[in-house]
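Please read the structure below before turning to the comments.
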Amino acid sequence: MRYHFTRPEFYTCQYGRIYICDHPVYSRCTLYKIGERGLAVIQQRFDAERKTTWWGEIDPWLTDAIYLHAGFRRLFAERARPEKDGIYPTITVRQMMWALKMKPLARERWETVFDRKEI
């Protein structure tokens with residue numbers, strides 16, 4: 001039994017798109033948009049050479065798995081909003097996977113978390 005979501009050997013990347021904005025936490029994210037409403041999803045990255053972390057778009061092999069999940073529409077309806085000053089409501093990929101009851105990604109030592117719902 002797997003305890004963590006692992007990268008599939010074959011995957012597609014049809015849903016979600018990279019969105020560039022002036023958010024104070026990140027500059028690139030994966031945006032799921034239906035009509036005028038959107039939800040930005042971010043994932044933390046680590047640069048071992050510089051020992052720094054940053055937030056950006058999610059792995060392409062996760063975009064379709066999240067969008068096609070049975071609970072995605074419900075979560076999207078709860079959290080998505082229209083754009084305000086070029087920024088959409090944001091959620092981390094780990095928060096989204098927990099909300100959808102998906103197996104989470106393996107947690108890295110360098111990862112940080114947001115202690116509130118709104119980012």
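Hey, can you tell me all the residues within the stretch 85-119 that are open to solvent by 70 Å² or more (accessible area, probe 1.4 Å) and at pLDDT 90 or above?
Of everything in the stretch 85-119, those that are open to solvent by 70 Å² or more (accessible area, probe 1.4 Å) and at pLDDT 90 or above turn out to be D85, W98, K101.
For the stretch 49-56, indicate whether the set of residues that are of a type in the set (G, A, S) and modelled with pLDDT of 95 or more is non-empty.
Looking through the stretch 49-56, at least one residue is of a type in the set (G, A, S) and modelled with pLDDT of 95 or more.
Taking only the stretch 7-16 into account, find how many residues are surrounded by 11 or more Cβ atoms within 10 Å (Cβ to Cβ) and either on the phi > 0 side of the Ramachandran plot or over 16 Å from the mean Cα position of the chain (by Cα) (or both).
Qualifying residue count for the region: 4.
Return yes or no: is H4 open to solvent by 60 Å² or more (accessible area, probe 1.4 Å) and part of a loop (DSSP other than H, G, I, E, B)?
Yes; evaluated as a whole, the condition is true for this residue.
Filter the stretch 17-62 for residues that are over 26 Å from W110 (Cα atoms) and not in a strand (DSSP E or B); which is most open to solvent (accessible area, probe 1.4 Å)?
Looking at residues that are over 26 Å from W110 (Cα atoms) and not in a strand (DSSP E or B), I get E36.
Scan (1) at pLDDT below 95; (2) over 26 Å from H4 (Cβ atoms) for the single condition R81 breaks and write down its number.
Of the numbered conditions (1) at pLDDT below 95; (2) over 26 Å from H4 (Cβ atoms), the odd one out for R81 is (1).
Mind checking which pairs have a first residue in the stretch 20-33 that is under 14 Å from I91 (Cβ atoms) and a second that is open to solvent by 70 Å² or more (accessible area, probe 1.4 Å) and β-branched (V, I, T), Cβ under 8 Å, 6 or more apart or different chains?
Within 8 Å, the pairs are C29/I18; T30/I18; L31/I18.
Report, by residue number, each residue of the stretch 77-99 that is farther than 16 Å from D59 by Cβ and not small (G, A, S).
E78, R79, R81, P82, E83, K84, D85, I87, Y88, P89, T90, W98
Within the set of pairs 6 or more residues apart or between chains, which connect a residue that is part of a helix (DSSP H, G or I) inside the stretch 82-110 to a residue that is crowded, with 16+ Cβ neighbours inside 10 Å and among the polar types (S, T, N, Q) with Cβ atoms less than 9 Å apart?
Short answer, once both residue conditions are applied: V93/T30; V93/Q43; V93/Q44; R94/Q43; R94/Q44.
The values are calculated or read from the model by the stated rules, or taken from the named source; none is laboratory data. As the structure is a computational prediction, the values presented were derived from the model and not from experiment. Neighbour counts run over all protein chains shown; Cβ positions are idealised from the backbone, glycine included. Surface areas here come from the heavy atoms of the whole protein model, side chains and all, with no ligands, DNA or RNA. Shrake-Rupley method; radii C 1.70, N 1.55, O 1.52, S 1.80 Å.
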